[in-house]
Amino acid sequence: MKSVKSALLGLALLGVAASAHAQNEQFIPMNGYWVGPYAAGGSGIFGGFIDYINMINARDGGVGGVKLTYEKCETEYNNARGVECYEREKKKGPTGATVIHPLSTGITYSLIDKAAADKIPIISLGYGRTDASDGRVFPYVFPLITNYWSQNTAKIKFIGMREGGMDKLKGLTIVNIYHDSAYGKETIPILDAQAKKYGFTVKHIPVPHPGNEQGSQWLQVRQIKPDWVILRGWGVMNPTALKAAAKIGYPRDRIIGVWWSGAEEDTIPAGDAAKGYIAAGFNVAGANFPVIQDIKKYVYTKFKGEMEDQTRIGSIYYNRGVVHGIVTVEAIRKGQEKFGKKPLTGEQMRWGIENLQISEARLKELGATGFMQPLKVSCMDHEGGGAVKFLQWDGNKWNAITDWIQPDRELVRPMIEQSAAAYAKEKNLTPRDCTKEAPPA
Amino acid sequence: MSFFFEVLIGGLLSGVMYSLVALGFVLIYKASGVFNFAQGSLVFFAALTFVGLREHGFNSALALLATLGVMIVLGLLIERIVLRPLVNQPQITLFMATIGLSFVIEGFAQLLWGANVRGLELGIQDEPIEQITTYTGMNVSKFDLSAAGIAALLVTGLALFFSRTRIGRALRAVADDHQAALAVGIPLQQIWGIVWAVAGFVALVAGLLWGARNGVQFALTFVALKALPVLILGGFESIPGAIVGGLIVGASEKLAEVYLGPYVGGGIEGWFPYVLALVFLLFRPEGLFGEKHIDRV
C-alpha cells in the first residue's frame, strides 16, 4: 500500500513539475506549407526558422531561460486553411500564440482584423500589405525588413546605377511582368509613380495563375523590346518566365526579379536559361555564416534538423527562414527586457517587435554580419529597414552583386501614409499618436 | 505580319503540349466513360518518379523504364482497387472517385519523393532555331518543335495500336458498346486495366516534356486545367480531336492574349479557351470529333 502511495505522490510531483515547466514556454505557431504548389518556399523558410528556434533552445536554453516551443500547421498557402490554423493555434502555450508568420500575402490580409482583435502580432516579412508599414494604423502588423514598394524603388535605383545615373532612366522602357493576383499587382502604383518621376515608360503585363504558360507574354516583350524587365512571379511562374525569355533571346541579365522570384528553386529548374538572371533579396545565400554553422553544430549533429535534404541549408529560402528566426527571437528578447524573463503575451510581444533594434554590432554577435540588414522598428515605421541587395545567378549559386541599396523613402513613405489613411477611414479607425507610445526600455 | 505568324506558330506548338495531357483523358473516357480527374496528378507523379529515380542513381534509360513500369502498375492498381468495385455505379460516382484519387496521388507522390522543385534536362534546348530566325525573323523553339514531333509519334503509335492490334480492336469495341463487347467475350475489366496502363504511359510522356519545360514541381498538376477546353473542343472520345482541339486552344489563347489582351488589361489567356469552349458547346456539344448521341424517345 505504501509503495502505491509513493508512486502516486511521485506521479503528482512529476505532473506539477511538468506543468511548471510548461508554464515557462513561449509558443510560436509554425503555420506554413510543406506540400502543394508552393511547398519549396514554405519548407525552406520554415525549415530555417524551426532550425534556428531549436538551435537557440539547444545552445542558450531558450531566451532568458524561457524555452521556445512551436507546432506546425499545414496551410497549403490557402487562405481558409491559414485562418483555420490561426484559430487552432492562437490559444496554445501558457500565453497563447506569441506571433504569427502567415507566409502568404492572402492569409495576412485574412488575419489582419482577427489578429488585432486577439492582440496577436503578425510579422509579414517581405510580403503582405505594404501600407501596414504605417504602425499608427496597423499596430499589430509588421511587414518587417523591407516591403514591396521599398524593394521596387531599390530596383529602379539599381537600374539607374547600371545605366550610369538616375537621369539616364529617361526614355527607357521597363516591362513589369507580374503574377495576376493581389500580390502581383501590389507594385503597379509605385512603378507608375516612379515612371512619372524619372521619365521612363512602364508597361505592365499580367500572367494568369499559375504561370506555367507564358509564350504570349514574352512575345509581347519581344515586340516591345524593353530595356529592362521586372519579374514579379511566384512558384512555377519563375522558371517558366526564364525559359520563355531564353526562347525569345531576351538577355537574362536585364531581368530583375522580386525576392519571391530569386531562390534556387526558381533558377535550377530553368537550367541554363537562368544564367545571368538578377533578383532582389533581403538576405543572402551561403552556409559559411557563424549562425548557420551553429545550427549545424547544435541541431544537425544531434539529428534534430528540419531539412531532409541538407544541401538546402544555406539556400536563399532556408536563410530567409533563419532571418524569420532572428527577428522573432530578438523581439522576444526585447520584450523580456521590459516585461521580465517570462513567457510574453501577444500584446507584450507586439511591444517587443515595435521597439526592435538589430544593429550591425548585434548582427555580429548573432553571427549574421552581411546575412541580413540592420533593423530599427518604431511605432511610425513597422518596416524597420527597407534596403535590398541584388543577387545574380551564375548557373550554380546566387552571388551578391551590390551592397544594401536603400529605397526611395521620399517617394514611398507618403504613398504608404496615404494608403494607410484611406484604410483607416474605410475601417473607421483612429490612428495612434506615436508620440504617446511608451519609449523603449 | 511575321509577328502574327510567330504568335500563331508559338500557340500551335503550345497547343501540342496541351494535347499531350488531353490524350490521357481521352483514352480513359473512350474506353470506360470515366472522366479521369486524376490525369494531371498522374502527369506529376510520373515526372516526379522519373527525377526521383535519377537522383537515386538510375541512369536516364533505366529511370524511364522503371517509371514506365511504375505507371503501368499504378494504372492497373487504380482499375483494380478504385474503379472495379464501382462498376455499374452512376458516372458521377466514378468521377468523384477520380477526384479523390487525384488528391491521394498528389499526396503520395510528395510523401514518396518530397516536395522540392527539381530541374529536368532532356538534352533538348528551349532556344530558338537559328536558321529559322535568320531566314524568317521568327523565333521557333527547338524544344517546342521536338515536343510536337514526339506528340505526332505518340498519336501515330496510339492510332496503330487501336487499329492494328487485337487489344486495340477490343478497346474500340468496348468504347463503342460495353454490353455488346461483353456479349462477344471481350474481358471488359482486363481492357480497362490496359487502358489505364496506356494512360499512365501518356502521362509519363507529358510529365517529362512539361517537367523539362517548367521544372518538376506540384504545378504540373495544373496542366490538366489546360486540357479541359481542349477536350470540349475536340470531343472527349477522339484522339485526333485532342490534337486538333489542342492546336485551336493553343493558337487562339495566344492570339487573344496578344491582340485582345491589351484592350481589357491583359491576363485573358487563362480563361479565354474556356469562353471559346463554352461558345463551341452551344453549337456542337459533342465537340469537333465527338460521337453524336441519338437517343430514342
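The values are calculated or read from the model by the stated rules, or taken from the named source; none is laboratory data. Please read these numbers as outputs of a predicted model, since none were measured by experiment. Note that each Cβ is placed from the backbone with ideal geometry, even for glycine, and that neighbours are counted across all protein chains shown. Note: areas computed on protein heavy atoms with side chains; ligands, DNA, RNA excluded. Shrake-Rupley method; radii C 1.70, N 1.55, O 1.52, S 1.80 Å.
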Along the Cα→Cβ direction, 7 angstrom out, place labels at A:ALA400 and A:ARG333. What is the inter-label distance in nm?
1.9
So which trypsin sites (Lys or Arg not before Pro) in the stretch A:157-240 end up in coil per DSSP with only 11 or fewer other C-beta atoms within 10 Å?
A:LYS170
Can you pull a Stokes-Einstein diffusion coefficient for chain A at 20 °C (1.002 mPa s), Rh from Kirkwood over Cα pairs, as a whole number of µm²/s?
95
Hydrodynamic radius by Kirkwood, which averages 1/r over all alpha carbon pairs of chain B, in angstrom:
20.0
Let me confirm one metric for peptide B:252-260, namely the mean number of other chain beta-carbon atoms within 10 Å of its residues' beta-carbons.
3
Distance in nm between label sites at A:ASP167 and B:ILE129, each 7 Å beyond Cα in the beta-carbon direction?
5.0
Chain B: relative contact order from alpha carbon pairs under 8 Å, six or more residues apart, as a whole percent, is 35
To make sure I understand the rule: partners must be lysines, Cα under 22 Å from the Cα of A:LYS296, and not fewer than 8 residues away in the same chain. Which ones qualify?
A:LYS67, A:LYS72, A:LYS304, A:LYS364, A:LYS397
Which residue fluctuates most in the GNM of chain A (Cα springs below 10 Å): A:GLY42, A:GLY321, A:GLY367?
A:GLY367
Quick one: among A:ILE107, A:ILE332, A:ILE224, which has the greatest mean-square fluctuation in a GNM of chain A with alpha-carbon springs under 10 angstrom?
A:ILE224
Tilt of helix A:105-118 relative to the longest C-alpha principal axis of chain A, in degrees (0 to 90, nearest 10)?
40
Enter the mean number of other protein chain beta carbons within 10 Å of the beta carbon of each residue in A:221-232, as an integer.
1
In nm, give the distance between the simple-model label positions of A:GLN418 and A:LYS436, each being 7 Å from the Cα along the Cα-to-Cβ direction.
2.8
Could you pull out the longest piece of chain B with no exposed loop GluC sites (Glu not before Pro) in it, calling a site exposed if DSSP puts it outside H, G, I, E, B and it has at most 14 other Cβ atoms within 10 Å?
B:122-290
How compact and how long is the stretch A:297-371, expressed as Rg and Dmax of its alpha-carbon atoms in Å?
14.6, 40
Using only Cα atoms, figure out Rg for the protein assembly as shown and give it as a multiple of 2.2 N^0.38 Å.
1.04
Could you list, bin by bin from short to long, the percent of Cα-Cα pairs of the stretch B:216-297 in 5 Å steps?
3, 16, 21, 21, 17, 12, 6, 3, 1, 1, 0
Please enumerate, by chain and number, the lysines with C-alpha under 21 Å from the C-alpha of A:LYS203, excluding those fewer than 8 residues away in the same chain.
A:LYS155, A:LYS157, A:LYS168, A:LYS170, A:LYS185, A:LYS225, A:LYS243, A:LYS247, B:LYS254
Average partner chain C-beta neighbours within 10 Å, per residue of B:124-133?
3
The summed charge of the B:LYS142 Cβ neighbourhood (under 11 Å; Lys/Arg +1, Asp/Glu -1) stands at -3
Rounded to the nearest 0.05, FRET efficiency between A:THR311 and B:ALA180 (Cβ-Cβ, R0 51 Å) equals 0.30
Please sort through the DSSP H helices of chain B and keep those with an alpha-carbon extent of at least 18 Å along the long axis and a Kyte-Doolittle average not below 1.6.
B:2-32, B:60-77
Please work out the Cα convex hull volume for the stretch A:42-92 and give it in Å³ per residue.
74
Over the protein assembly as shown, average the accessible area per residue using a 1.4 Å probe and give it in Å², no decimals.
40
Taking a straight Cα-to-Cα line shorter than 21 Å from B:LYS292, and setting aside same-chain lysines fewer than 8 residues away, one finds B:LYS30
Of all trypsin sites (Lys or Arg not before Pro) in the stretch A:357-423, the ones in DSSP coil with at most 15 other Cβ atoms within 10 Å are A:LYS397
Candidates A:GLU25, A:GLU87, A:GLU410, ranked by Gaussian network fluctuation over chain A, Cα under 10 Å, top entry
A:GLU410
Cα-derived Rg to Rh of the stretch A:369-423, Kirkwood definition:
1.11
As a check on your grasp of the helix formula, calculate [θ] at 222 nm for chain B: sum -39500 (n - 2.57) over DSSP H runs of n ≥ 4, divide by the residue count, round to the nearest 500.
-23000 deg cm²/dmol
Packing-ranked peptide list from A:420-429, B:146-155, highest mean Cβ count within 10 angstrom first, is B:146-155, A:420-429
Of the GluC sites (Glu not before Pro) in the stretch A:245-344, which ones lie in a loop per DSSP and count no more than 13 other C-beta atoms within 10 Å?
A:GLU308
